[in-house]
Structures are given as C-alpha cells and as structure tokens.
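The values are calculated or read from the model by the stated rules, or taken from the named source; none is laboratory data. Note that the structure is a prediction, hence the values are computed from the model and not measured. No Cβ is skipped: glycine too gets one built from the backbone with ideal geometry, and neighbour counts run over all protein chains shown.
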Amino acid sequence: MPASPILRFAPSPDGFLHLGHAYSALMNQRLADRLGGTLLLRFEDIDPARCRPEHVDESLADLAWLGIRWQGPVWQQSTRLPAYAVALAKLDTMGLTYPCFCSRGDIARVVETRPDWPRDPDASPLYPGTCRHLTAGTRTAWQAAGRPHGRRIDMAAALSHQPHPLGWTEYRETPEATRVAADPALWGDALLARKDVATSYHIAVVVDDAAQAITDIVRGEDLFAATSLHRLLQALLRLPEPAYHHHRLIRDLSGNKLAKSRNSATLRSLRHAGTDVTAIWQSLEARRDET
Ligand code: GLU
C-alpha cells in the first residue's frame with residue numbers, strides 16, 4: 001500500500017510570519033487536501049540567537065487565524081538535537097565529515113584575493129578546504145584544547161561513497177512530475193554542524209522529514225538548489241526520498257522577495273488590524289495566477 005501522504009509546514013521562528021509564509025502554508029494546505037493527506041507543523045528553531053518563543057506563539061496564532069489545519073503535536077527542532085547528533089555521528093563514522101576550525105574571516109582571507117573563486121547556489125564562497133588538510137594529530141590536539149569548531153561534509157568522499165546518480169521528483173506547482181538530477185557538488189564541503197549549534201539546517205531538515213515520515217515537501221523555490229544536498233544526505237543516511245513541490249516566492253511591489261529583514265507586513269500586524277482573511281486568501285490566489 002502506498003504511504004499515506006504527510007506534509008509539513010516548517011517555518012523558522014526568527015521573526016514574525018509574513019505573506020510569503022501564508023502563501024507557503026496555503027500551498028501545503030491545498031496539496032494536503034488534494035492528496036487527502038495530513039499536514040504537520042514544525043518550527044525550525046535550531047538557532048538560539050535568532051529564534052524566540054514569542055515568534056512561535058504568534059505564528060501559531062497567525063496560522064490558526066488563516067485557517068490552516070495542522071495535526072499535532074507541533075515539533076520544535078530545538079528539542080531534537082540528540083537525533084541530529086546521531087546522524088552526524090553516522091556520517092563521521094563513515095569518514096565523510098571533518099572538524100572545521102575556520103572563522104568566516106579565515107575563509108574570506110583565502111577567497112578575497114581570487115575574484116573568480118567558485119560560489120555555492122546561495123552565493124557564499126565554496127569552502128577552500130583548509131581544515132580538510134589538517135593532520136589527525138592537529139585535529140585531536142585542537143579539539144582536546146577546546147578550540148571551537150563546526151563539522152563539514154567531505155564532498156569528494158561523500159560522492160565516491162554514493163556513486164549512483166541522485167535525483168528527485170519535482171512537481172513545482174503543477175500535478176505533472178519531472179525528475180531533477182541532483183548536483184550536490186555545487187555546495188562543496190558544506191557545513192553540517194555549526195560552531196555555536198551542533199547541527200545545521202541541512203542535517204535537521206533531512207532527519208526530521210524522515211522521522212515525521214514526510215512524503216511531500218512543499219516549500220519555496222529558494223530551497224530548490226539545497227535539495228541536491230538534502231538528497232545526498234538522505235542517501236548517505238539511508239533515509240526515504242520524499243517528493244518535492246517547490247513553489248514560487250511572493251514578491252513585494254518592488255519585486256523583492258518578501259523577507260523579515262525588509263519589514264514586510266507581518267501576518268500578526270494584519271491580524272491585529274482586523275484584516276479580512278478571505279481577502280488575504282484571494283490576493284494570494286491571484287498572485288498564483290501571475291507568471
Ligand atoms: N525553515 C525553512 C524556512 O523557514 C524552511 C525549510 C523547509 O521547508 O525545508 O525557510
């Protein structure tokens with residue numbers, strides 16, 4: 001029997017939700033309804049410096065106000081760090097990660113003299129591999145001395161461990177599936193655990209999507225490229241492959257992507273102003289029809 005469809009809406013509570021989140025939640029709800037599936041809610045709050053409980057509370061109120069119907073319990077990634085540590089330890093045992101002691105400044109110093117230095121799909125410079133070349137003795141000594149470090153994937157080793165080409169089933173916003181070839185090498189030796197938080201978005205998202213048995217991932221197209229890395233991690237960790245439905249991003253009147261940093265109208269402010277929810281749905285539906 002095919003698995004019963006399970007979807008999730010997974011905002012990061014590092015600010016108040018805005019219309020872009022409403023659109024993503026709407027896309028999730030519509031697909032869950034169309035597939036006769038279940039919608040779950042997960043707060044991706046691994047970053048203690050940016051995520052606040054008040055954002056979780058207000059987001060719950062916003063989503064209820066919008067009429068999004070999720071089933072409990074609501075997950076919070078900040079409570080799931082041990083599960084991410086298990087996944088990282090597995091990759092480490094496979095010899096596919098290494099500790100990285102570099103600061104952003106260290107990386108910038110290597111890269112700044114080379115204007116043609118390759119960049120990842122988010123436009124960050126690819127990691128120059130400095131700590132990949134440390135001797136085992138130096139790594140052990142620096143770790144024993146308590147020197148702060150994150151962990152990176154050794155992309156070349158990971159790709160040779162996973163020799164079969166990877167891809168995923170992509171629906172965009174249509175019912176027709178296409179198969180997309182994954183290209184995880186675009187991300188280089190990506191960070192899998194940060195210095196300040198013992199995980200990263202990439203590890204947490206693949207571990208939780210598997211733990212919650214998510215079959216269909218509906219999220220913004222800004223995460224399309226990251227799916228290549230997620231597929232690699234899923235394959236290495238032997239996690240199931242979900243289908244992906246990347247949707248377009250809602251833009252403001254000047255064509256900029258809506259972001260918390262640009263002071264986009266928050267759902268909270270619209271809710272407090274007594275805005276008619278039906279009008280919000282209609283305006284989001286209308287934007288769907290724009291190309
Ligand atoms: N937490 C991410 C965000 O708010 C979404 C992650 C995902 O859907 O995979 O942008």
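Some points to look at:
- Figure legend. Inter-residue proximity from region 35-50: first residues free of Cβ contacts under 8 Å to residues at least 60 places away in the same chain and surrounded by fewer than 21 Cβ atoms within 10 Å (Cβ to Cβ), second residues among the acidic types (Asp, Glu) and assigned to a loop (DSSP other than H, G, I, E, B), beta-carbon distance below 6 Å, spacing 6+ or different chains. Indicated pairs: ARG50/ASP14.
- The single residue among LEU236, LEU258, LEU229 that is modelled with pLDDT of 90 or more and within 14 Å of the ligand (Cβ to nearest atom) turns out to be LEU229.
- When THR93, THR97, THR38 are screened for being touching a strand residue (DSSP E or B) at 6+ places or on another chain (Cβ under 6 Å) and over 20 Å from PHE9 (Cα atoms), only THR97 passes.
- Annotation note: Cβ proximity below 6 Å between a residue of region 235-256 that is in a strand (DSSP E or B) and a residue that is at pLDDT 95 or above and among the charged types (D, E, K, R) (sequence gap 6+ or interchain) occurs for ALA243/ASP216; TYR244/GLU170; HIS246/GLU221.
- Taken residue by residue, region 206-224 has no member that is modelled with pLDDT under 95, crowded, with 17+ Cβ neighbours inside 10 Å and not aromatic (Phe, Trp, Tyr).
- Residue in region 73-85 that is of a type outside the set (Phe, Trp, Tyr), part of a strand (DSSP E or B) and under 30 Å from ARG287 (Cα atoms) present: yes
- Wholly within region 95-187, strands (runs of 3 or more DSSP E) carrying at least 3 residues that are within 30 Å of ARG248 (Cβ to Cβ) and in contact (Cβ under 8 Å) with a residue 12 or more places away in the chain: 167-170, 178-181
- Residue count for region 188-226, restricted to those that are in a loop (DSSP other than H, G, I, E, B) and either among the charged types (D, E, K, R) or within 16 Å of the ligand (Cβ to nearest atom) (or both): 14
- Test: residue in region 41-58 that is assigned to a helix (DSSP H, G or I) and either within 13 Å of the ligand (Cβ to nearest atom) or in contact with a Cys (Cβ under 7 Å, 6 or more places away or on another chain) (or both): yes
- Matching residues in region 214-223 - criterion: being touching a residue at least 24 places away in the same chain (Cβ under 8 Å), more than 11 Å from LEU7 (Cβ to Cβ) and out of contact with any helix residue (DSSP H, G or I) (no Cβ under 7 Å at 6 or more places or on another chain): GLU221, ASP222
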